[in-house]
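Note sheet for the following structure.
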Amino acid sequence: MRKVFFLFFCIISINLISQEDTDSLVRSYRTKYHYVGVQANLLLQQFLNFNSNSFNSNPYLFSYSFNYKQNGNGMVIGTGLSASNNFSNDGVVEISDDRINVTGRVGIEKKFYQEETFIPFVGFEVGLGYTEQKLKTKLVQTINNPETNSKTTKFFFGPALRGGLLYSLNKYVKIGTEFYFNFQVSVNKSRTITTSAGQQPSGTNTTSLPINFGLQAPTALFLIYRF
C-alpha cells in the first residue's frame, strides 16, 4: 500500500512540474476536468496517528471522474480490491481464514463551484461486487482430528444516490469524502463440510437472496489529483 501512495505522489509531482508553465494557457481552452483519487485513510493514520482499528465501510480504493467545466456534469467510476490470509495454531485449534473482496461502480455526477476551495457534488451510480471467504478449522489434539471447511460467497449489485465534498489544497490536489444511500440485492451461498477420521463427511448448503438498503456514512478520505 505504501508503494501505491509513493507512486501516486510521484505522478502528481511530475505533472505539477510539466504543467505549471502551460496551465494558464490550457485552462482557457479546457472543456472538462479529470479527477483521479485513491483512498488516503491508511496514509493519514501513519502521519496523524489515527486509531488503526477505525471502521471504514467504503469499499472503493480507486476512483476516477471527469466533469465538464461549464456545467459540472460528468461521469464517475470506482473500483476496489482487498485480499487477506490469516493462519493461527495454538496447539489445540488450527484456523485458516482466506478472504477476497472485489467491488466496482459506474455512474453520473454533478460537481459545483469547481474553481472554489470547497467543491460539493451529487450523483447516481450502480455498484456491484463479489466477496468470498474460505474458513478451515481443525482440532489438532484429538484422535480423529475433526476438520470443518466452509465457503461463503456473496454477489451483490444495486443503485445508489451519492454525495460528498472536496476540499482544495491547491488547484491540483484535493481531499474529499463521500456518502451514499444504496439499495442492494445480493445472492449469498454457504457450504460447510465436516470430516473426521473413520467417519463419512457431512455438510450443508444454503442459498439466500437478501435485500438491503441504507445510508453509508463518509468513513473514507480520498486524496485526489485534478488535471
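The values are calculated or read from the model by the stated rules, or taken from the named source; none is laboratory data. Please read all numbers here as calculations on a predicted model, not as lab measurements. All accessible areas refer to the heavy atoms of the entire protein, side chains included, with ligands and DNA or RNA removed. Shrake-Rupley method; radii C 1.70, N 1.55, O 1.52, S 1.80 Å.
Observations, loosely collected:
- With all protein chains in place and a 1.4 Å probe, the accessible surface of the stretch 69-136 carries 61 percent carbon and sulfur.
- Solvent-accessible area per residue, Å², over the stretch 52-91 with all protein chains present [probe radius 1.4 Å]: 64
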